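Here the structure is laid out as structure tokens; the discussion comes afterwards.
The values are calculated or read from the model by the stated rules, or taken from the named source; none is laboratory data. From a predicted model like this one, the values you see are computed outputs, not experimental measurements. All Cβ positions, even for glycine, are placed from backbone atoms using ideal geometry, and neighbour counts span all protein chains on display. Note: accessible area is taken over every heavy atom of the protein model, side chains too, but ligands, DNA and RNA are not part of it. Shrake-Rupley method; radii C 1.70, N 1.55, O 1.52, S 1.80 Å.
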Amino acid sequence: MDYVKLSQMLFPEVTDTPETLEERYPQRQLPEGAVVTRMAPSPTGFVHLGNLVQGLTSERMAHKSGGVLFLRVEDTDAKREVEGAAEGLIRTLATYGIHFDEGAILDGSGRISDQGAYGPYRQSERAEIYQTFAKQLVREGKAYPCFTTEEELDELSQINKKEELKNTDWQAEAEARRAEMLARRNFTIEEVEEHLQAGHPFVVRILADGAEDKKVKFTDLIKGNMEIPENDEDFVLLKSDGIPTYHFAHAIDDHFMRTTLVIRGEEWLSSLPIHIELFKALGFRLPKYGHNCSIQKIDGETRRKLSKRKDPEAAVRFFAEEGYMSESVIEYLMTIAASDFEDWRRANPDADTDSFKFSPKKLNPAGSLFDYAKLTDVSKNEIAKM
């Protein structure tokens with residue numbers, strides 16, 4: 001297969017190269033040990049408690065190290081975008097003392113504009129960058145076009161690799177689907193030309209080289225050492241409209257925004273094999289990851305994850321509506337985020353929270369329980385100090 005010709009056929013208008021992008025986005029000149037991290041919300045709804053915990057953790061890690069905290073808006077899913085959601089997040093986080101050094105920041109008129117040399121900070125404005133690397137991966141034989149309908153692609157992406165693994169019927173179906181996917185790797189240049197001339201849309205898939213029965217070692221800053229399965233799925237990099245999937249976009253953005261640390265929810269652990277393979281295929285250095293645990297609550301006799309749909313306290317606006325000061329909320333969240341915070345507070349009852357030395361090794365590796373009574377007690381103490 002002539003991969004150079006194939007890449008040019010698929011992306012004739014892409015003229016940038018990885019080398020030109022490396023020059024455009026050079027390494028940051030920061031002190032040794034400085035952390036560059038980010039918040040990268042999708043503007044799809046209200047600000048939830050998980051956003052606040054992640055923002056608090058990321059902000060302390062960056063600013064205590066002399067580093068950078070930036071905001072990237074991951075708005076590639078236009079169908080789910082809620083107007084004003086990104087602006088609302090910036091304002092809400094500022095209320096809780098979380099400010100960004102660069103990125104998508106509100107200007108004087110209250111609208112989002114870029115501040116910093118590593119933008120655009122909205123993914124919807126970075127399509128050419130993603131297409132440059134889609135072309136490069138095809139050129140290197142690490143990715144390939146897939147001419148298929150959207151319905152077929154959706155069906156292939158719905159394989160659940162968790163509970164249904166126990167179902168032998170499902171396993172047989174999964175094997176059949178995998179065989180079909182492997183068959184789609186076999187095509188000729190002539191067939192691609194016919195599809196393109198007919199105007200057929202295509203997606204770009206990675207050519208996975210992993211095996212699910214093999215493990216890779218990984219060190220998580222919060223959860224410690226672990227072993228995870230290799231990725232064996234030819235997942236989609238670029239959709240038929242030229243917009244990247246989240247996985248592809250975030251890998252490229254984190255590299256060129258020179259991210260060194262990513263704090264995110266443990267729900268992303270299942271995607272870690274994909275991200276490890278992506279960084280390897282792209283030739284990028286993997287940032288350090290810390291997966292923090294979900295905030296939970298007692299529901300009857302069970303303990304479950306705090307729900308954005310069921311629980312009013314999942315929305316950050318709940319606390320202001322109930323009369324809790326932002327200082328009280330931050331103080332409380334520190335007690336459930338860092339295992340050593342309460343000992344520090346007892347030894348330093350009058351110290352500013354900003355003077356607490358925040359370490360990822362002390363972040364809670366297990367699920368934290370939302371305790372409404374404890375929040376109220378913390379709030380009483382904060383008011384008593386006034």
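A few comments on the model shown:
- Beta bridges per DSSP, both residues in the chain: antiparallel share near 60 percent.
- Listed peptides 256-266, 207-217 by packing density, highest first (mean Cβ within 10 Å): 256-266, 207-217
- Separation of alpha-carbon centers, segment 229-303 and segment 1-53, rounded to whole Å: 13 Å
- In the context of the full set of protein chains, residues of the chain present 52 Å² of accessible surface per residue (probe radius 1.4 Å, heavy atoms only).
- Kirkwood hydrodynamic radius over Cα pairs of segment 239-302, then Stokes diffusion coefficient at 10 °C and 1.306 mPa s, in µm²/s: 118 µm²/s
- Computed Kirkwood radius, in angstrom, where 1/r is averaged over Cα pairs of the chain: 23.0 Å
- The modelled label-to-label distance for the pair Asp299/Ala384, using points 7 Å beyond Cα in the direction of Cβ, is 3.4 nm.
- The lysines within cross-link reach of Lys239, meaning a Cα-to-Cα straight distance under 22 Å and a gap of 8 or more places when in the same chain, are Lys5, Lys79, Lys135, Lys142, Lys280.
- Simple spin-label estimate for Glu193 and Asp241 gives 3.2 nm between the two label positions (7 Å along the Cα-to-Cβ direction from each Cα).
- nm² value of the averaged projected area, convex hull over the Cα atoms of segment 341-386: 4.0 nm²
- Kirkwood-based shape ratio for segment 286-347, expressed as Rg/Rh from alpha carbons: 1.03
- For Ile228 and Lys357, the difference between the fully extended length at 0.36 nm per residue and the C-alpha to C-alpha distance is 43.4 nm.
- Over 27 Å between alpha carbons, listed pairs Lys308/Lys385; Lys310/Lys362; Lys297/Lys362: Lys308/Lys385; Lys310/Lys362
- Kirkwood-Stokes translational diffusion coefficient of segment 1-99, alpha-carbon pairs, 37 °C, 0.692 mPa s, µm²/s: 199 µm²/s
- Principal axis dimensions, segment 8-162 - Cα atoms, whole angstrom, descending: 48, 38, 36
- Heavy-atom accessible surface of the chain: percent carbon and sulfur, 1.4 Å: 48 percent
- Calculated mean residue ellipticity, 222 nm, the chain: -11500 deg cm²/dmol, from DSSP H runs (n ≥ 4) at -39500 (n - 2.57) each, averaged per residue and rounded to 500.
- Using the Cα coordinates of segment 62-124, the gyration tensor eigenvalues translate into equivalent-ellipsoid semi-axes of 20, 14, 11 Å, sorted from longest to shortest.
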